[in-house]
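I have placed the structure first, in the form of structure tokens, so that the comments after it can refer back to it.
The values are calculated or read from the model by the stated rules, or taken from the named source; none is laboratory data. If you're wondering where the values come from, they're calculated on a predicted model, not measured in any experiment. Please note: Cβ atoms are built from the backbone with ideal geometry, for glycine as well, and neighbour counts cover all protein chains shown.
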């Protein structure tokens with residue numbers, strides 16, 4: 001098939017990622033571009049994710065496109081036992097692009113094989129969520145003015161968090177330094193550390209927050225989920241170790257920004273919100289520009 | 001050796017697959033789809049072997065396998081070897097080697113992988129040949145030898 005899908009962040013070369021970020025910047029500056037006039041985009045959410053769906057639908061609407069789809073599989077033919085293949089083949093007839101989220105891993109890669117239109121993965125289980133990575137990179141570039149030589153601190157659940165894994169991969173060509181702060185049970189998996197070794201990327205692992213937070217350009221917070229711990233006592237003991245409080249930001253760089261893929265529970269204390277270093281709400285806004293850029297790029301409307 | 005026994009084991013033309021671990025014979029039969037083959041086939045199992053203790057052997061008359069077909073058995077019988085027989089003579093000896101990619105044959109061990117929910121072929125990149133390890137093309141999870149389930 002000759003169309004371009006975005007299933008994993010590694011489907012895009014570094015040049016393509018940079019191009020998409022440039023398009024996003026242009027779309028933010030010049031919002032009045034009706035690139036999707038007359039186009040129909042299907043948003044197929046086989047599991048609910050209100051935030052991601054609204055972000056995509058906002059991106060589509062801002063470019064003049066129409067949206068069809070479902071936000072809950074219980075209201076679709078999926079609940080009657082239709083295969084994913086059949087659903088995708090049928091929906092391909094009705095639209096120019098499919099945006100899908102599905103609880104099973106690899107589902108969107110399979111969908112891209114059977115679809116006759118491009119597919120954008122909006123999350124397939126614990127596997128990939130590439131537009132999140134692009135909006136994270138867009139936020140880094142926008143706040144730091146560059147992607148090169150950034151010191152990124154990643155905090156919380158580094159074992160299961162797919163957003164941190166993809167970001168580590170996508171940032172590696174830009175000479176970053178990583179500092180990983182997590183409970184030993186939620187460490188960055190060995191395969192990603194080996195990946196960084198193979199690319200010659202510097203990284204340091206810590207079990208608690210340290211004074212070197214002062215060196216951070218980006219602090220990327222993630223949620224530690226209770227269900228990751230078999231021993232709830234251990235969860236209770238450790239959860240407070242990975243909470244970012246406003247008082248900890250005193251000696252940090254003035255340009256430092258705090259990112260979070262959201263939703264946040266308590267890992268960023270509420271007293272951080274008014275601090276200009278808190279960037280997570282603007283980051284969500286950047287998601288709309290990044291998704292506009294990806295949509296127009298895979299459809300060949302922007303090259 | 002009496003004449004009757006010789007008749008059963010000698011092959012005029014065809015392929016002898018030797019050094020199959022005895023316990024894996026039926027999986028080899030399944031992978032090569034021998035159930036659907038009309039040619040005369042002889043199986044022997046629980047034969048004494050220096051390598052395995054007990055080995056199995058398969059002889060298929062008038063049939064030569066493509067490498068891509070036969071190499072699939074490397075997944076479970078990496079030390080199997082082939083004797084190509086023409087006119088009662090061994091004209092070629094080959095060992096099996098895992099291909100770089102495998103379609104079908106094995107299940108992905110990830111219960112949350114789409115291949116375990118949809119009626120579709122599995123697809124793997126072979127990330128290690130010895131010991132064999134397969135990375136699912138769809139979900140990215142690696143299935144190791146211990147978790148191979150032949151479809």
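Tabulated results
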| item | result |
| --- | --- |
| Residue under evaluation residue A:32, criteria (1) within 16 Å of residue A:299 (Cα to Cα); (2) without any contact (Cβ under 8 Å) to a residue 24 or more places away in the chain, criterion not met | (1) |
| Qualifying residues in segment B:97-123 (those that are in contact with a strand residue (DSSP E or B) (Cβ under 7 Å, 6 or more places away or on another chain) and more than 14 Å from chain A (Cβ to nearest Cβ)) - the one farthest from residue B:34 (Cα to Cα) | B:100 |
| For residue A:152: the one exception among (1) at pLDDT below 95; (2) outside any loop (DSSP other than H, G, I, E, B); (3) in contact with a helix residue (DSSP H, G or I) (Cβ under 8 Å, 6 or more places away or on another chain) | (1) |
| Close pairs (8 angstrom Cβ cut-off, 6 or more residues apart or separate chains): more than 20 Å from residue B:71 (Cβ to Cβ) and more than 13 Å from every other protein chain (Cβ to nearest Cβ) in segment B:124-149, modelled with pLDDT of 95 or more and crowded, with 17+ Cβ neighbours inside 10 Å anywhere | B:147/B:109 |
| Single residue of A:224, A:219 found to be touching a residue at least 24 places away in the same chain (Cβ under 8 Å), buried (at least 18 other Cβ atoms within 10 Å of the Cβ) and in a loop (DSSP other than H, G, I, E, B) | A:224 |
| Complete set of residues in segment B:85-123 that are in a strand (DSSP E or B) and within 17 Å of the chain's Cα centre (by Cα) | B:93, B:94, B:95, B:101, B:102, B:103, B:106 |
| Some residue of segment B:77-84 being outside the structural domain of residue B:55 (by TED's automatic domain parsing), in contact with a strand residue (DSSP E or B) (Cβ under 7 Å, 6 or more places away or on another chain), buried (at least 18 other Cβ atoms within 10 Å of the Cβ) and in a strand (DSSP E or B) | no |
| Only listed residue being in contact with a strand residue (DSSP E or B) (Cβ under 8 Å, 6 or more places away or on another chain) and either touching a residue at least 12 places away in the same chain (Cβ under 8 Å) or crowded, with 22+ Cβ neighbours inside 10 Å (or both), chosen from A:153, A:195, A:229, A:174 | A:153 |
| Qualifying residue in segment A:22-33 (condition: in contact with a helix residue (DSSP H, G or I) (Cβ under 6 Å, 6 or more places away or on another chain), surrounded by 14 or more Cβ atoms within 10 Å (Cβ to Cβ) and closer than 18 Å to residue A:118 by Cα) | no |
| Test for residue A:280: is it surrounded by 14 or more Cβ atoms within 10 Å (Cβ to Cβ), touching a strand residue (DSSP E or B) at 6+ places or on another chain (Cβ under 9 Å), closer than 21 Å to residue A:160 by Cα and in the same structural domain as residue A:214 (by TED's automatic domain parsing) | yes |
| Residue tally, condition in a strand (DSSP E or B) and loosely packed, with under 12 Cβ neighbours inside 10 Å, over segment B:45-59 | 2 |
| Given (1) modelled with pLDDT under 95; (2) surrounded by fewer than 23 Cβ atoms within 10 Å (Cβ to Cβ), number of the condition residue A:116 does not satisfy | (1) |
| Any pair with Cβ under 8 angstrom, 6 or more apart, that starts in segment A:56-81 at a residue that is over 30 Å from residue A:23 (Cα atoms) and ends at one that is surrounded by fewer than 14 Cβ atoms within 10 Å (Cβ to Cβ) and modelled with pLDDT under 80 | A:73/A:79 |
